[in-house]
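Engineer: Mind having a look at this structure? Questions to follow.
Computed from the coordinates by the stated procedures, all read-outs in this text should not be read as laboratory data. Values in this document were obtained by computation on a predicted structure and should not be read as measured data. Virtual Cβ from ideal backbone geometry, glycine too; neighbours counted across all protein chains shown.
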Amino acid sequence: MSEVVFPRTPDGRRSSAALGRSVVADALRVVDPAAADAAEHEPDWRRGYLRHFRALVESSLGSDDAGYEMATAGLASVHARMRITRHGADAGLDEVFADPPVRPLETVTLTGSGAAERELSLPYRGDLLRDGTLQRRLDAWVAAGTIEASCADAVREVAANPDWLDLSDQRLVVLGAGAEMGPLPAVLGWGGTVVGIDLPRPDLWARVNAVAASTAGRLIAPRGGADLLTDLPAIADWLLRIEGRLVLGDYVYAPGADQARLSAAVDALTTHVRRHRADTALAFLATPTDVFAVPGAAVAHANARYRARGVRSKLASAASAGRLLRPHYPDGADPGIADSLVAQQGPNYALAKRIQRWRATLTRRDGTVSFAVAPPTRTRSVLSNRLLAAAYAGAHLFDVEVFEPATANKLMAVLLVHQLRKPRPAAHRRPGPAAWEDETMAAAHGGLWRTPYQPRTALGLAALRGLPAALRR
């Protein structure tokens, strides 16, 4: 059995911090050597990583090709540096598929008995939005800066073409079948076929199977589950035996350093599967708590709100000597840098999500990719962090809407449908856009791009105001 692990440092330790520092520096070096040196020599990666992940975005704006060059270098670094344990010794990540599976996976299929949903609906605050109520909610979200207009346009187009919802002609592979933000419930509800992979945990599969049984869809899964960190050869062999066009969706989550290991493992699986089946599409959800370049319209909206801020906000900023409630963007920035990284989520989470963004960027040049920024959502993993739970409870005070999982995962599943049914032309076949512009399409960031304040300078106040509500949950 091979296991995906971090490389060893000279003193023999396996260090996620050393990996993150090196990978970020390698990505930066192709376009910004000074920024690369700063990352490489960061003395405290666990606290100092924020500015270097911001540099990854700032440095990508130098040319239309910079984002693609950095993604190429970053992924090459991940594959060169990450290791597997094989035959009692370390080996390169890409050698994980050199040996046949130790335990070939068996297939189980579950067909639900429910009726397929034939029109688009979206659960929201106890209601089920459809037709006119859905259209009005989309209008309200756009006006409030909760989602980008391109997101609303995509949802409207799917609503106007309800036959798109049935994905039974695709084989949607949901890595992380039990994930709260995953599309498994929605796609099965529409009558589609889902290939689900998740850990070999009976409680998890009991929950997933119960969802599948109540829908009109079909769930295909490896018997008993499989672990992406230890069963990669078996998972790859099993997936390549699935008939039909694969859509490989990465929805995995693990706490701490395991998230970075998982992203590296999934990327190795992705490159292996696409090497054998080049028509495989990819699907990712980007976290809103990251750094993005955003269009000038978002900057103008945020700055207009800042100029219209109330007396209390001005007093709080003045009393803190400008440390709190700083303006989000410089006037006239186009693009602006929306830096919503949250230090408490840590550098391993940031690296894991960056690996996904890099893979989406590169695959978009020649293939189909579903990629959209998801809204901040009250998932179990987020609410387990007391500070984040409190900040989410108070986020509405700063024009940020935090979604419930049922709304967020259905909304993102609708965007997946749109991007599969109406894929954007491959990047190399059209003039522009730069990599950052593609990442802004259909973003549902919950308002983080258009809030008047730099998010980290409002986080503490949001947490303070939201703490009583968080404690009541």
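Engineer: Ranked highest first by the average count of other Cβ atoms within 10 Å around their residues, in what order do 389-397, 345-353, 129-137 fall?
Structural biologist: 345-353, 389-397, 129-137
Engineer: Continuing with the same structure: Does a label point 7 Å from the Cα of residue 46, set along Cα-to-beta-carbon, have any residues of the stretch 247-268 with amide nitrogen under 17 Å, and which are they?
Structural biologist: Under 17 Å, as judged by backbone N against the label point of residue 46, lie 255-261 of the stretch 247-268.
Engineer: In whole Hz and in residue order, list the ³J(HN,Hα) couplings for the stretch 263-273 that follow from phi through the Karplus curve 6.51 cos²θ - 1.76 cosθ + 1.60, θ = phi - 60°; x for Gly and Pro.
Structural biologist: 5, 5, 5, 5, 5, 4, 4, 4, 5, 5, 5
Engineer: What's the extension gain from residue 95 to residue 201 if we count 0.36 nm per residue and subtract their Cα-Cα distance?
Structural biologist: Difference between extended and current length: 35.4 nm.
Engineer: Turning to a different aspect of this structure: Full extension from residue 163 to residue 386: what is 0.36 nm times the residue separation minus their Cα-Cα distance, to one decimal in nm?
Structural biologist: Difference between extended and current length: 76.1 nm.
Engineer: At 7 Å along Cα-to-Cβ for each site, give me the label-to-label distance between residue 406 and residue 331 in nm.
Structural biologist: The modelled label-to-label distance comes out at 4.7 nm.
Engineer: Which residues' amide hydrogens lie under 5 Å from the amide hydrogen of residue 365, considering only partners 5 or more residues apart or on another chain, with H built in the peptide plane?
Structural biologist: 427
Engineer: Same structure again: Take peptides 196-205, 305-314 and line them up by average Cβ neighbours within 10 Å, highest first, as a rough protection proxy.
Structural biologist: 196-205, 305-314
Engineer: Could you give the distance between the Cα centres of the stretch 176-204 and the stretch 211-246, to the whole Å?
Structural biologist: Cα centroid of the stretch 176-204 versus Cα centroid of the stretch 211-246: 10 Å apart.
Engineer: Check residue 86: other-chain or 5+ apart residues with amide H under 5 Å from its amide H, H built from backbone geometry?
Structural biologist: Residues meeting the amide H criterion: 91.
Engineer: Right, next: Tell me which aspartates and glutamates have Cα within less than 18 Å of residue 353's Cα, excluding those fewer than 8 residues away on the same chain?
Structural biologist: Straight-line reach from residue 353, under 18 Å: 26, 58, 69, 180, 250, 258, 267, 290, 339, 437, 438, 439.
Engineer: Compute the distance from the alpha-carbon center of the stretch 8-58 to that of the stretch 84-100, in whole Å.
Structural biologist: Cα centres, the stretch 8-58 to the stretch 84-100: 25 Å.
Engineer: Still on this model: How large is ³J(HN,Hα) for each residue in the stretch 200-208, as worked out from phi by the Karplus curve 6.51 cos²θ - 1.76 cosθ + 1.60 (θ = phi - 60°), to whole Hz, x for Gly and Pro?
Structural biologist: Once θ is set to phi - 60°, the couplings for the stretch 200-208 become x, 10, x, 5, 5, 6, 4, 5, 5 Hz.
Engineer: Next question, about the same structure. Would you grab the residues whose amide H sits under 5 Å from the one on residue 286? Only those 5+ places off in sequence or on another chain, please, with H modelled 1.01 Å from N.
Structural biologist: Amide H neighbours of residue 286: 372, 373, 374.
Engineer: Estimate the FRET efficiency between residue 304 and residue 34 by the formula 1/(1 + (r/R0)^6), using the beta-carbon distance for r and 30 Å for R0, to the nearest 0.05.
Structural biologist: About 0.30, to the nearest 0.05.
Engineer: Output wanted: per-residue J couplings in Hz (rounded whole) for the stretch 105-118, from phi through Karplus 6.51 cos²θ - 1.76 cosθ + 1.60, θ = phi - 60°, x for Gly and Pro.
Structural biologist: Working through the residues one at a time gives 8, 8, 9, 10, 10, 10, 9, x, 10, x, 8, 6, 6, 10 Hz.
Engineer: Does the stretch 3-102 come out rounded, prolate or oblate by the C-alpha gyration tensor, with a ≥ b ≥ c the root eigenvalues, rounded set by a/c under 1.5 and, if not, prolate when a/b is larger than b/c and oblate if not?
Structural biologist: oblate
Engineer: What FRET efficiency do you get for residue 5 and residue 314 if R0 is 45 Å and r is their Cβ-Cβ distance, rounded to the nearest 0.05?
Structural biologist: Step by step, r from the Cβ atoms, then E = 0.30.
Engineer: In addition: In nanometres, what is the gap between the two model label sites at residue 79 and residue 456, each 7 Å from Cα along Cα-to-Cβ?
Structural biologist: Output for this residue pair reads 3.2 nm.
Engineer: Report the FRET efficiency, 1/(1 + (r/R0)^6), for residue 156 and residue 103, where r is their Cβ-Cβ distance and R0 is 41 Å, rounded to 0.05.
Structural biologist: 0.30
Engineer: Hey, could you get me the Stokes-Einstein D for the chain, Kirkwood radius over alpha-carbon pairs, 37 °C and 0.692 mPa s, rounded to whole µm² s⁻¹?
Structural biologist: 143
Engineer: Give me the extension gain from residue 214 to residue 58: residue separation times 0.36 nm, minus the current Cα-Cα distance, reported in nm with one decimal.
Structural biologist: Taking residue 214 through residue 58 to full extension adds about 51.5 nm, to one decimal.
Engineer: Among 438-449, 216-227, 105-116, what's the highest-first ranking by average C-beta atoms within 10 angstrom per residue?
Structural biologist: So the peptides 438-449, 216-227, 105-116, ranked by packing, come out 438-449, 216-227, 105-116.
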